[in-house]
1. For the range 306-339, what are the residues that are within 19 Å of ARG281 (Cβ to Cβ), in contact with a Cys (Cβ under 7 Å, 6 or more places away or on another chain) and not aromatic (Phe, Trp, Tyr)?
2. Six or more apart or on different chains, Cβ under 9 Å: which pairs go from a residue in the range 233-244 that's farther than 12 Å from MET215 by Cβ and in contact (Cβ under 8 Å) with a residue 12 or more places away in the chain to one that's open to solvent by 10 Å² or more (accessible area, probe 1.4 Å) and of a type in the set (A, V, I, L, M)? Could you list them?
3. Do you know which residues across the range 292-340 are over 22 Å from the mean Cα position of the chain (by Cα) and polar (S, T, N, Q)?
4. Anything in the range 277-330 that is open to solvent by less than 60 Å² (accessible area, probe 1.4 Å), closer than 29 Å to GLN54 by Cβ and either in a strand (DSSP E or B) or among the β-branched types (Val, Ile, Thr) (or both)? List them, or say none.
5. How do the pairs read when you match residues in the range 154-175 that are in contact (Cβ under 8 Å) with a residue 60 or more places away in the chain and under 13 Å from THR29 (Cβ atoms) with residues anywhere that are open to solvent by 50 Å² or more (accessible area, probe 1.4 Å) and aromatic (Phe, Trp, Tyr), using Cβ under 9 Å and keeping only pairs 6 or more apart or on different chains?
Amino acid sequence: MRLVRLAYCNIYVRAHAGKSLQYTRSLATYDESSDVIRLEVMPGSWLLRPTAGQYYYLYQPFRLTGWESHPFTLGSWSFDTGPRTSSLLPSEAAKHDQTVDISHIPLLSDSSRTGYSYSDEVSQGSNQLKLVFWIRPFDGWTRSLRQQCKGCPDRKLNTTILMEGPYGDEFPAWKYESILFVAGGTGIAAVVPYIQDHIARSATADGGATQVQDMHLIWTTRQAAFIRQLATGELSPALARSDFDASFYVTSPGECYNDERLHSSVHDEVLDKDLEVNIGRPDLQSRIISHAHDAQLRGCSSLVLVCGPSTMADQARDAVYRAMRQGYQGIRYVEESFAW
């Protein structure tokens, strides 16, 4: 069954316009300032439907240990111009909404569940689906992948990465009115898809595909460079919105942190919106209780979704428990797996 999933994700045989075999392509880029590998995978299959909550097992087959697989959470997806892919036709409302970044709208097919629908076609000259994974190199394969990137010009490695999946389930975050995301390091990968999903759902004619009224992100990471990358990239559409706020925390003791540089780089990309950037770790207990209190005052259902190291998850879980003991019963806690 795993071999079937590998074929499903990575191979597509075109039977029209001349028979040809299309396969998965990938690009790994290592950024030393953030110590993170950005892996972009263009799947050969046009059948994939990326959603929040998904993860894939990744293989680098042309190695001595190429049979080994490594699980990673799908961090983001977009659509690049390519020779062949699944094209996306959004709803009429999304077409006419000039504020919608169509490249961030997910492929979904269950209109009864989501409140909006898309059509999929395979056509020449349409857009290529690109899946993004953020990998923190430690030991084993991730360290090897970092070394391979370092040996390439501009630290960009074109290699063969095969995917097996998708696995995991999407949590219905759109059913909650106030959402607090808590992420640690590359745990941001579990959060960004939910943010993208909210932007897509908000683009419907009446916004009825989502009940979310506000979102707040608390993201703690070691290097400020990782914050800069996402604030000017995948998070920039959300940071430009009035219903989304973010608080960033940098924890590396040796980090040469330049607050003006970070604010300046984000200022150019997100319509002059100020960002809250702090040194150290957040007080999760006070932030979560404050979130529960504000939601209760407004009569809103609230959700706390956490993905990060086990210590962070323990603190967040304890804070939600304390909030419930204080009478904030309309709060829901969801924990995404970070350690495998």
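1. none
2. Matching pairs, first to second residue: PRO237/VAL100; PRO237/ILE199; ALA240/LEU271.
3. If the condition is that a residue be over 22 Å from the mean Cα position of the chain (by Cα) and polar (S, T, N, Q), then GLN296, SER301, GLN315, GLN326, GLN329 are the ones that fit.
4. ILE288, SER302, LEU303, VAL304, LEU305, VAL306, CYS307, VAL320
5. Here the result reads THR159/PHE62, each pair linking the range 154-175 to a residue that is open to solvent by 50 Å² or more (accessible area, probe 1.4 Å) and aromatic (Phe, Trp, Tyr).
The values are calculated or read from the model by the stated rules, or taken from the named source; none is laboratory data. All of these numbers come straight from a predicted model, not from anything done at the bench. All Cβ positions, glycine included, derive from the backbone under ideal geometry; neighbour counts span all protein chains shown. Ligands, DNA and RNA are stripped out before the accessible areas are found, and what is left, the full protein with its side chains, is counted by its heavy atoms. Shrake-Rupley method; radii C 1.70, N 1.55, O 1.52, S 1.80 Å.
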